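A.B. asks: Structure below; questions to follow.
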Amino acid sequence: MSDNNQLTRLQAQLSAANANPSNMTAFNDVVAVYLGVQNKAHYPKMFDSNGSKMKDESGRDKRSQNLDGYTHTFSAVGESIIVKVVLPKSYNLELMTVYKVSGLGYKISSANMIFIEKNGMISKF
């Protein structure tokens, strides 16, 4: 296999692993209030060449050693559900301030939560 074909194949795999929006939902301008929860470092889940989550010996999802951002936690106004969004850096947010939160992620009904993992953005309401 030529180097060019191999590079093209690797780029396609990387793009598929990073995009994988097939089961992600677009959240636009979710109105949420910051309640003072400490920001946490976010380490993304690892995927194999088929796009499946990799598991450790205990059956838990394997996480990358590389930090990809910080998880910021809010509460959705009018719904009182948890809204978590991964942003590229840790922001000092104003307590009890209302923000608009957007990005690609998941609504996890069993956890009463929205988790925005890709293209996360916030702005004051």
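The values are calculated or read from the model by the stated rules, or taken from the named source; none is laboratory data. Note that the structure is predicted; figures quoted are calculated from it, not measured. Cβ coordinates were reconstructed from backbone atoms using ideal geometry, including for glycine residues, and neighbour counts include every protein chain displayed. The area values use the complete protein model at the heavy-atom level, side chains included, leaving out ligands, DNA and RNA. Shrake-Rupley method; radii C 1.70, N 1.55, O 1.52, S 1.80 Å.
A.B. asks: For region 109-125, which residues satisfy the criterion of being among the hydroxyl-bearing types (Ser, Thr, Tyr) and in a strand (DSSP E or B)? If you could, list the steps in order and put the result at the bottom.
C.D. replies: Within region 109-125, the first condition is being among the hydroxyl-bearing types (Ser, Thr, Tyr), and the residues that meet it are 109-110, 123.
Passing the criteria: only 123.
A.B. asks: Got a sec? Which strands (runs of 3 or more DSSP E) wholly within region 47-108 have at least 1 residues that are free of Cβ contacts under 8 Å to residues at least 12 places away in the same chain and open to solvent by 50 Å² or more (accessible area, probe 1.4 Å)?
C.D. replies: Fully inside region 47-108 and qualifying: 98-108.
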